[in-house]
Amino acid sequence: MNFSEQFPILANVTYFNTAYSGILSKDLQAWRKNHDEEFLASGSAFRLNAGIFIQEVRENVARLFKAKSKNIFLVPNFSFGFNTLLDGLSKDNKFLLLSEDYPSVNYPITSRGFKCDFVKIDTEFETNIVEAIRRFKPAIFAFSMVQYISGIKMSIEFIKKLKVEFPDLILLADGTQFCGTAAFDFENSGLDAVLSSGYKWMLSGFGNGFVLLNDRLKDLLYQDRKKLELPKEPFLAGKDHLTICFEPGHLDTLNFGTLNQSVLNLEKIGLQNIENSTQILVQKAKAEFELRKLVSAEVVARKEHSTILSLSLKPEIVTNLEKENIICSARGAGTRFSFHYYNTEQDLKKLLSVIDSF
């Protein structure tokens with residue numbers, strides 16, 4: 001499919017930087033403009049049905065990811081949602097974490113003083129995770145579904161096996177580099193929570209994100225607060241303790257409306273179609289990069305990979321990528337390239353031609 005008309009930036013650059021930020025479509029920009037024009041004309045009347053609209057957003061997110069709308073909370077970003085979730089857990093919980101995972105995952109846990117153990121991400125990291133769980137006996141395993149530097153992906157099948165072997169283990173996942181890249185059935189995933197910002201693969205701009213909880217974790221959170229009486233003001237009617245924690249104050253209809261439009265667009269294209277097309281391109285890219293010895297041994301060893309690939313490139317190649325308007329990111333010791341549904345085989349050929357020119 002040709003998406004250059006919907007994404008004007010693609011006429012000027014080769015965009016391999018969705019892992020840093022997704023891009024804005026013309027349809028989405030038009031919706032946002034119309035939203036603000038209605039606000040301009042209506043004033044306070046514009047917000048009269050905001051609650052109904054926000055509930056529609058929850059229901060659409062639920063449908064896309066096969067979750068329960070009653071267990072979905074809308075948050076400005078992953079970090080807000082994750083910090084809020086952590087504050088609802090007992091302080092005596094032990095955490096298993098991945099070394100060098102995204103700082104927004106690990107730091108909020110370690111800085112709160114939770115007892116932690118770490119697993120290194122290498123060619124045997126699934127085996128190492130199981131061994132660490134047996135040895136350390138954590139109550140919670142928190143991790144990114146996709147590692148932001150290497151692109152190494154946590155397999156859904158592996159997560160399901162973990163839940164079978166360790167049914168009491170709480171599994172918390174950062175889905176920011178995953179949600180929007182593949183078909184996903186949250187309720188049958190084995191995960192207790194997935195939290196995500198919307199500005200990357202969801203293509204919904206900044207200021208929006210979501211929290212998906214299962215029934216078990218929802219019941220466990222904020223046990224102390226649930227013993228307290230809720231506010232009785234009419235405008236807070238219908239809000240429970242978790243809603244007040246995760247969704248304090250007014251929710252912005254522009255930002256969450258943008259998320260809603262993106263969800264509808266991803267649904268229209270089909271997450272399975274997106275996964276199929278991007279994986280074909282990623283596997284071709286991975287094979288080409290392997291031939292040139294540009295990817296790590298950990299990535300080479302894995303059959304299943306995400307939409308992110310990190311390459312070890314000479315500085316002069318990186319400089320030339322900039323000259324050729326190929327947009328990517330420096331991450332860790334490498335240069336990160338990310339492939340979404342608007343990337344094409346021609347994009348890959350252009351990238352390879354720059355790499356091969358040195």
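Please treat every number below as a calculation from the coordinates, not as lab data. None of these values were measured; they are calculated from a predicted model. In this analysis, Cβ positions are derived from the backbone assuming ideal geometry, glycine residues included, and neighbour counts consider all displayed protein chains.
For the reader, a short list of remarks on this structure follows.
- The lysine pair count for region 281-358, using Cα distances under 20 Å and pairs eight or more places apart or on different chains, is 17.
- Peptide ranges 24-31, 114-121 listed from the most packed, as the mean C-beta count within 10 angstrom indicates: 114-121, 24-31
- As a rough guide to protection, the peptides 267-275, 184-192 ranked by mean Cβ packing within 10 Å, highest first, stand as 184-192, 267-275.
- Sequence-ordered 3J(HN,Hα) estimates for region 308-313 from the Karplus curve with 6.51, -1.76 and 1.60 and θ = phi - 60° stand at 10, 10, 10, 10, 8, 10 Hz, glycine and proline given as x.
- When Rg and Dmax of the Cα atoms in Å is calculated for this entry, the matching label among [x] 20.3, 63; [y] 21.2, 69; [z] 23.4, 82 is [y].
- Between region 306-358 and region 225-286, the alpha-carbon center distance in angstrom: 31 Å
- Basic side chains Lys and Arg get +1 at the Cβ, acidic Asp and Glu get -1 at the Cβ, and with that the dipole of region 29-269 about its Cα centre reaches some 280 debye.
- Local charge for P167 was computed over the other residues whose Cβ lies under 13 Å away, with Lys and Arg +1 and Asp and Glu -1, and equals +1.
- Our coupling estimate for region 244-261, obtained by passing each phi through the Karplus curve with A = 6.51, B = -1.76, C = 1.60 and θ = phi - 60°, is 5, 6, 7, 10, x, x, 7, 8, 7, 5, 5, 5, 7, x, 5, 4, 4, 5 Hz, Gly and Pro reported as x.
- Under 16 Å from the Cα of K218 - lysines, other chains or at least 8 residues apart: K68, K70, K226, K227, K239
- Candidate aspartates and glutamates - alpha carbon under 13 Å from K120, same-chain residues fewer than 8 apart omitted: E100, D101, E131, E298
- Cβ-Cβ distance of K70 and E267, R₀ of 22 Å, FRET efficiency by 1/(1 + (r/R0)^6): the value works out to about 0.65.
- Peptides 33-43, 215-225 ranked from most to least packed, by the mean per-residue count of other Cβ atoms within 10 Å: 215-225, 33-43.
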